[in-house]
Each structure stands twice: as structure tokens, then as C-alpha cells.
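Below you'll find the structure, written out as C-alpha cells, and then a few comments.
Read the figures in this text as sums done on the coordinates, not as results from a lab. Predicted model only: the values in this text are computed from it and were never measured. As a convention, Cβ positions derive from the backbone with ideal geometry for all residues, glycine included, and neighbour counts pool all protein chains shown.
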Amino acid sequence: MQTRSPWGAVAVGLFGFVLASGAFAPRELVAQPSLVVLVRHGEKAIEGGSDPSLSEAGRARAQALADALAMTTPNAIIVTSLKRTAETAAVVSAKTGVVPTVITIRSGAPHIDDVAAAVRKATGVVLVVGHSNTVPAIVTALGGPKLPELCDSSYATMFVLTPGAEGAAGALAQVVLVHYGAADANEGCR
């Protein structure tokens, strides 16, 4: 005759309770980008009114951006409704097949919030092409440090941001400042 230990039934019952309670269930992962690359649009043409195209130097900057990102493929590209941002991202878009998401320009914080929300919805590598007065604020909105606006003559600045842990509110992002393409004419600017 085989005897059964009462502990076996208790252990099986306890194990079933623990599994049902979710104590060993996998944690829910928060979808977020793994890396965010933020740049200002390339140099703009002098003519063109309030929405000028890129100049020759700006087109070279767009190619330099594609060269800088040659070893990665963005899952998302975010631009504004002004053509110079789309033209800056165009070489990367053409090489990768990623169609840019266009965020309509709005004044101040609402625009920054719209771009940050679009970035947070993406996964993998995200490229953001903005403006001298928006890129630093977007870095801050994504958990990076508070930064001054870029100088009007600054086009070579690239921020490479790694989001904070699992998108947790208040989790600080890691930010690296690099330069790409031709050096800016004004070395005192960022």
C-alpha cells in the first residue's frame, strides 16, 4: 500500500494558487523605443518664405544624416509639417522604406507633447527631425535634461537618447550629444 503525504496536496494546491494569482506571470512589458535620435533639419534655403526647402548644404546634411545612421534602421521617423524636416529625413526614408509620421506644427508645449507622444508609441530606433527651438524641448519631454534651444546657425547637433527604464514616469533618459556632417560655422553654438 502506498501512503500519500498530506504535504503533496498542499504543495500542489499552493503552487496552483500562486500561478493563478500571477505571482510568476511574466511582467507586462511597456512598448517604447530603444533609442531615439533627434536632429534639427538641415540648412534651409534663403528664399522660400515661411516654409523654405533645404539649401545645397542642407541636402548634404540630409545625406550625412543617412550616413550617420547607416548601421541602424529606424522603425519610425517623425517630422513636422514643414518641408525642411521631411526633406532632411528623405534620404533615410528612401534607404529604409520607413514612411515618416508628420506632426503638425503647433505653438509651444502642445507640439512638444504631440511629438513626445508619437515617440513613446514607437518601438526600436526612432528618428525625430525637428527645429532649433523644439529638439531640446523634446529631449527634455522624453526624460532627458533641460537644454537650451539650439543656435539658429547650429545644424550639426545630434542627440542620441536612450529612454529611462520601461518608460517609467520620472525615469531619466541617457543622452549623448554628438555632431554629424559638416561642422557648424559658429563654433560657440550648440
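Considering every residue within region 110-125, establish whether at least one is without any contact (Cβ under 8 Å) to a residue 24 or more places away in the chain and of a type in the set (A, V, I, L, M).
Among the residues of region 110-125, at least one is without any contact (Cβ under 8 Å) to a residue 24 or more places away in the chain and of a type in the set (A, V, I, L, M), which makes the answer yes.
Can you name every residue in region 70-100 that is of a type in the set (S, T, N, Q) and more than 18 Å from LYS44 (Cβ to Cβ)? Break it down stepwise before answering.
Here is the first cut: in region 70-100, the ones of a type in the set (S, T, N, Q) are 72-73, 75, 80-81, 85, 88, 93, 96.
Result: THR72, THR73, ASN75, SER93, THR96.
Of a type in the set (Asp, Glu) and crowded, with 20+ Cβ neighbours inside 10 Å: does that describe GLU56?
no
Among residues belonging to region 120-145 that are farther than 27 Å from ARG59 by Cα and touching a Pro at 6+ places or on another chain (Cβ under 8 Å), point out the one that is surrounded by the fewest Cβ atoms within 10 Å (Cβ to Cβ).
THR123
Only one of these conditions is not met by ALA117: (1) surrounded by 15 or more Cβ atoms within 10 Å (Cβ to Cβ); (2) within 11 Å of the chain's Cα centre (by Cα). Which number is it?
(1)
In region 44-85, what count of residues is obtained for those that are under 19 Å from VAL135 (Cα atoms) and in contact with a Pro (Cβ under 6 Å, 6 or more places away or on another chain)?
So the count comes out to 3.
Name the pairs whose Cβ atoms lie under 6 Å apart, with the first residue in region 134-161 and within 16 Å of ASP113 (Cα to Cα), the second basic (Lys, Arg) and in a loop (DSSP other than H, G, I, E, B), and 6 or more positions between them or separate chains?
So the pair list comes out as THR140/LYS146.
Any idea which of (1) within 24 Å of THR140 (Cα to Cα); (2) free of Cβ contacts under 8 Å to residues at least 24 places away in the same chain is the one SER93 doesn't satisfy?
Here SER93 clears every test but (1).
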